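Asks: My questions will all concern the structure given below.
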Amino acid sequence: SGGMGVKLNKMADKSVIAVEGRFDFEQHEAFRTCLDEALARGGGLGLEVDLSRVDYLESSALGMLLVMRDKAKAQGIDGIALTGARGFVRQILDVASFGKFFQFR
């Protein structure tokens with residue numbers, strides 16, 4: 001399981017959670033840690049999840065994204081963007097109607 005992971009990129013105007021490899025239950029703890037750190041930066045900042053390097057996405061990942069949306073909303077962050085989703089990953093997100101909950105970029 002090399003080349004996997006979740007990391008947080010802190011920019012001036014937003015936080016970007018970047019996921020690489022398989023986005024599945026094994027990433028849960030790392031994802032939550034990054035999310036908590038992003039939210040701790042305070043409101044007024046954008047939040048994005050970079051999926052451009054994800055090649056497989058599991059239903060547990062959909063759950064993590066929805067939990068993220070709820071936590072962020074509770075802190076006044078709305079309009080989270082999912083960026084770079086392609087191929088299989090984009091198909092799953094479309095089937096799950098995630099365009100209703102997130103912006104795709």
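Asks: May I ask you to verify whether Val67 is part of a helix (DSSP H, G or I) and within 12 Å of the chain's Cα centre (by Cα)?
Replies: yes
Asks: Still on this model: Take Asp55 and tell me if it is more than 25 Å from Gly76 (Cβ to Cβ) and open to solvent by 20 Å² or more (accessible area, probe 1.4 Å). I'd like the intermediate steps shown before the answer.
Replies: Values: more than 25 Å from Gly76 (Cβ to Cβ): yes; open to solvent by 20 Å² or more (accessible area, probe 1.4 Å): yes.
Criteria met by Asp55.
Asks: I would also like to ask the following. Residue by residue through region 72-85, note down the ones that are modelled with pLDDT of 95 or more, touching a helix residue (DSSP H, G or I) at 6+ places or on another chain (Cβ under 8 Å) and over 13 Å from Phe101 (Cα atoms).
Replies: Ala85
Asks: Can you pull out every residue in region 67-90 that is surrounded by 12 or more Cβ atoms within 10 Å (Cβ to Cβ), over 18 Å from Leu8 (Cα atoms) and of a type in the set (A, V, I, L, M)?
Replies: Passing the criteria: only Val89.
Asks: Report, by residue number, each residue of region 91-105 that is open to solvent by 50 Å² or more (accessible area, probe 1.4 Å), free of Cβ contacts under 8 Å to residues at least 12 places away in the same chain and within 18 Å of Tyr56 (Cα to Cα).
Replies: Gln91, Asp94, Val95 - these are the residues of region 91-105 that are open to solvent by 50 Å² or more (accessible area, probe 1.4 Å), free of Cβ contacts under 8 Å to residues at least 12 places away in the same chain and within 18 Å of Tyr56 (Cα to Cα).
Asks: For region 2-47, name all the residues that are over 19 Å from Gly79 (Cα atoms), surrounded by 13 or more Cβ atoms within 10 Å (Cβ to Cβ) and among the small types (Gly, Ala, Ser).
Replies: Once the filter is applied, which keeps residues that are over 19 Å from Gly79 (Cα atoms), surrounded by 13 or more Cβ atoms within 10 Å (Cβ to Cβ) and among the small types (Gly, Ala, Ser), region 2-47 yields Gly5, Gly21, Ala30.
Asks: Got a number for residues in region 1-42 being in contact with a Leu (Cβ under 7 Å, 6 or more places away or on another chain) and not acidic (Asp, Glu)?
Replies: Within region 1-42, residues that are in contact with a Leu (Cβ under 7 Å, 6 or more places away or on another chain) and not acidic (Asp, Glu) number 7.
Asks: Working only within region 1-35, note down all residues that are of a type outside the set (S, T, N, Q), within 12 Å of the chain's Cα centre (by Cα) and in a helix (DSSP H, G or I).
Replies: His28, Ala30, Phe31, Arg32, Cys34, Leu35
Asks: For region 36-51, what are the residues that are part of a strand (DSSP E or B) and either β-branched (Val, Ile, Thr) or over 11 Å from the mean Cα position of the chain (by Cα) (or both)?
Replies: Here is the first cut: in region 36-51, the residues part of a strand (DSSP E or B) are 46-51.
The answer is Gly46, Val49.
The values are calculated or read from the model by the stated rules, or taken from the named source; none is laboratory data. Note that the coordinates shown come from a computational prediction; the quantities given were computed from them, not determined experimentally. Here Cβ is always computed from backbone atoms with ideal geometry, including for glycine, and neighbour counts include all displayed protein chains. The area values use the complete protein model at the heavy-atom level, side chains included, leaving out ligands, DNA and RNA. Shrake-Rupley method; radii C 1.70, N 1.55, O 1.52, S 1.80 Å.
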